[in-house]
Every structure is written in structure tokens, then in C-alpha cells.
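The values are calculated or read from the model by the stated rules, or taken from the named source; none is laboratory data. None of these values were measured; they are calculated from a predicted model. Here the Cβ positions follow ideal geometry from the backbone for every residue, glycine too, while neighbour counts run over all protein chains shown. All accessible areas refer to the heavy atoms of the entire protein, side chains included, with ligands and DNA or RNA removed. Shrake-Rupley method; radii C 1.70, N 1.55, O 1.52, S 1.80 Å.
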Amino acid sequence: MIQAILVFNNHGKPRLVRFYQRFPEEIQQQIVRETFHLVLKRDDNICNFLEGGSLIGGSDYKLIYRHYATLYFVFCVDSSESELGILDLIQVFVETLDKCFENVCELDLIFHMDKVHYILQEVVMGGMVLETNMNEIVAQIEAQNRLEKSEGGLSAAPARAVSAVKNINLPEIPRNINIGRNPDHEPGAC
């Protein structure tokens, strides 16, 4: 079973964090830091499997990762998962992101977090692999996009709100109002 999926950049900034096992937030942050340091210190020529860190379960768990450009994709799995199967799953996830975002980059993960999570949920849910066929995953995402467009979608909500405010019939506010002097109130008088 997949325990966690972590994506962070070369500097250790998490870009996607998904735990399928409950940990307090402080421990999650420590796991991300520990995982980053474990993966970062490995040479590029070494295999992409290593024992899990002490916080995530030690030798009972494996960290399987791939490094693409500026991002590390790390899956923490228990002994029931195949290392090569998970490496292939990482490849499918990255290729799906690449297809959906047309050359995915770190900024896509930052600014389209909802879509990235939706794509991940099409691949993995509850720590179990749901789908590995990239064409099927992309078809589901395109169906979701069509549904959002037909309903106006959440992405259209800000534009609809601005349009609604502009169309409100408010009475025109007079601009040049001459108030004149108030005889009861003279400057300096209390």
C-alpha cells in the first residue's frame, strides 16, 4: 500500500504532499524534510529505491523516487508494493501531468493544485492504485473539464462575480455636491 506521495523541488520545498496514513502536521513536515535529505544525498547513478526514514516506518517501508528537472517525485510504500511497478506508476503520473499541462513545470503544480490533486486521485486513492492507463486517466480528466465548463465551473466563479457586481443597478452617486456653509457650525467654534 502507498503510505505517502511527496513531490518537492531541488530546494526541498514541498509542491505536493499526500499522506494515506494519519500523521500530525508537525510529523508530516518532519517526514518531508527527512525524505528530502535522504533522497538528495543519493547520487544520480544509484538506484531509485531506499529504506524509508525513521519517522515513516524505517526498514518496513521503501522510498521509491524519480527526479525530473527540478522536481523529485517520491512514493513511500510498504513491502507489498513492487518497486518497479511504483517506478512505472510515477512515470504514468508525470506523463499524465505533462499531457494535461502541456509540458508540466513546477509552477503548474503551484498554481493548479486542485487539478493536480484531481489527477492524483484518478491514479491513487486511499493508498491503492486505481488506474495505470494514461489514456483512461486523461479521458476522465477531459470529461471533468467538460463538466466544469458546462456548469460554468469553479474557475469561472470570479469572473461571474465581477460581472454580477458590474450589473447591479445602483443609483448614480452625485459627484459635485455643493454643501455650502452650515451657519450652526463655524470653524473654530465648539
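Note on LYS13: aspartates and glutamates with a C-alpha under 15 Å away, same-chain residues under 8 apart excluded, are GLU34, GLU106, ASP108. Taking each residue as 0.36 nm, the span from HIS67 to HIS11 lengthens on full extension beyond its C-alpha to C-alpha distance by 18.9 nm. In this view, the solvent-accessible surface of ASP114, computed with a 1.4 Å probe and all protein chains in place, comes to about 120 Å². Taken over the Cα atoms of region 1-117, the convex hull encloses 102 Å³ per residue. If you take the alpha carbon atoms of region 1-64 and fit the smallest convex hull around them, that volume is 83 Å³ per residue. MET1 exposes around 60 Å² of accessible area when a 1.4 Å probe is run over every protein chain in place. Principal semi-axes of the equivalent ellipsoid, √(5λ) from the alpha carbon gyration tensor of region 40-100, are 21, 14, 10 Å from largest down.
With a simple spin-label model that places each label point 7 Å from the Cα along the Cα-to-Cβ direction, the separation between CYS105 and GLU51 comes to 4.0 nm. What GluC sites (Glu not before Pro) in region 89-138 are in a loop by DSSP, with at most 14 other Cβ atoms within 10 Å of the Cβ? Of the GluC sites (Glu not before Pro), the ones in loops of region 89-138 whose Cβ has at most 14 other Cβ atoms within 10 Å are GLU102.
If you take the charge dipole of region 1-155 about its Cα centre, with +1 on Lys and Arg Cβ and -1 on Asp and Glu Cβ, which of ASN45, PHE93, GLN28 is farthest toward its positive end? Farthest along the dipole direction, towards plus: GLN28.
In debye, nearest 20: dipole of region 1-93 around its Cα centre with unit charges on the Cβ of K, R (+) and D, E (-)?
Roughly 340 debye, rounded to the nearest 20.
Phi angles of region 95-108 translate, via the Karplus equation with coefficients 6.51, -1.76, 1.60 and θ = phi - 60°, into HN-Hα couplings of 5, 5, 4, 4, 6, 6, 9, 6, 6, 4, 9, 4, 5, 4 Hz per residue; Gly and Pro are given as x.
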